[in-house]
1. For S72, are the conditions met, namely being in a helix (DSSP H, G or I) and over 15 Å from I17 (Cβ atoms)?
2. Which residues, taken from segment 28-71, are among the hydrophobic types (A, V, I, L, M, F, W, C) and under 24 Å from N7 (Cβ atoms)?
3. Being modelled with pLDDT under 90 and either under 25 Å from the mean Cα position of the chain (by Cα) or not small (G, A, S) (or both), is that true of even one residue in segment 21-28?
4. Of the conditions (1) of a type outside the set (D, E, K, R); (2) surrounded by 15 or more Cβ atoms within 10 Å (Cβ to Cβ); (3) free of Cβ contacts under 8 Å to residues at least 12 places away in the same chain, A49 satisfies every one except a single condition; which number is it?
Amino acid sequence: MGLPQFNDIKALSNTEISEAIITTEKELFNLRFKKATRQPFKPHEIKYAKRRLAQLKTVLSLRLDALEQTSSKALVNLIQKQNYLTGNF
C-alpha cells in the first residue's frame, strides 16, 4: 500500500468523498486507540490515514467553495435583474 494519490480522490463524487471522510476518521480513531492501548498496529498507517483525510477534506472544501462562488454570482445577477426591472438603481 502506497501513499494515497490525489488524482484518485479528485475522481470521486461529493457523496463518495463524504463517506470516505467518515470511514477514514473512524480508521484513524481505531489506529490511535490501538496505539494508546499498546495493541499491535503498523505506525505508518496513521500517517497514511491523516494524509488521506487531509486530501479528502481539501478536495471537498475546494468543490464547496467553487459551488458557493457560482451560486453567489447567480444570486448577484438575479438581484441586479430585479433592481433593473423595478427601476431601483
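1. Values: in a helix (DSSP H, G or I): yes; over 15 Å from I17 (Cβ atoms): yes.
Spelling it out, S72 is indeed in a helix (DSSP H, G or I) and over 15 Å from I17 (Cβ atoms).
2. Initially, segment 28-71 is screened for residues among the hydrophobic types (A, V, I, L, M, F, W, C), giving 28-29, 31, 33, 36, 41, 46, 49, 53-54, 56, 59-60, 62, 64, 66-67.
Matches in segment 28-71: L28, I46, A49, L53, A54, L56, V59, L60, L62, L64, A66, L67.
3. We begin by selecting, within segment 21-28, every residue modelled with pLDDT under 90; these are none.
The answer is no, given that none of the residues of segment 21-28 is modelled with pLDDT under 90 and either under 25 Å from the mean Cα position of the chain (by Cα) or not small (G, A, S) (or both).
4. (3)
The values are calculated or read from the model by the stated rules, or taken from the named source; none is laboratory data. Small disclaimer: the values here were computed from a predicted structure and weren't measured. Note that we place each Cβ from the backbone using ideal geometry, even for glycine, and neighbour counts take in every protein chain shown.
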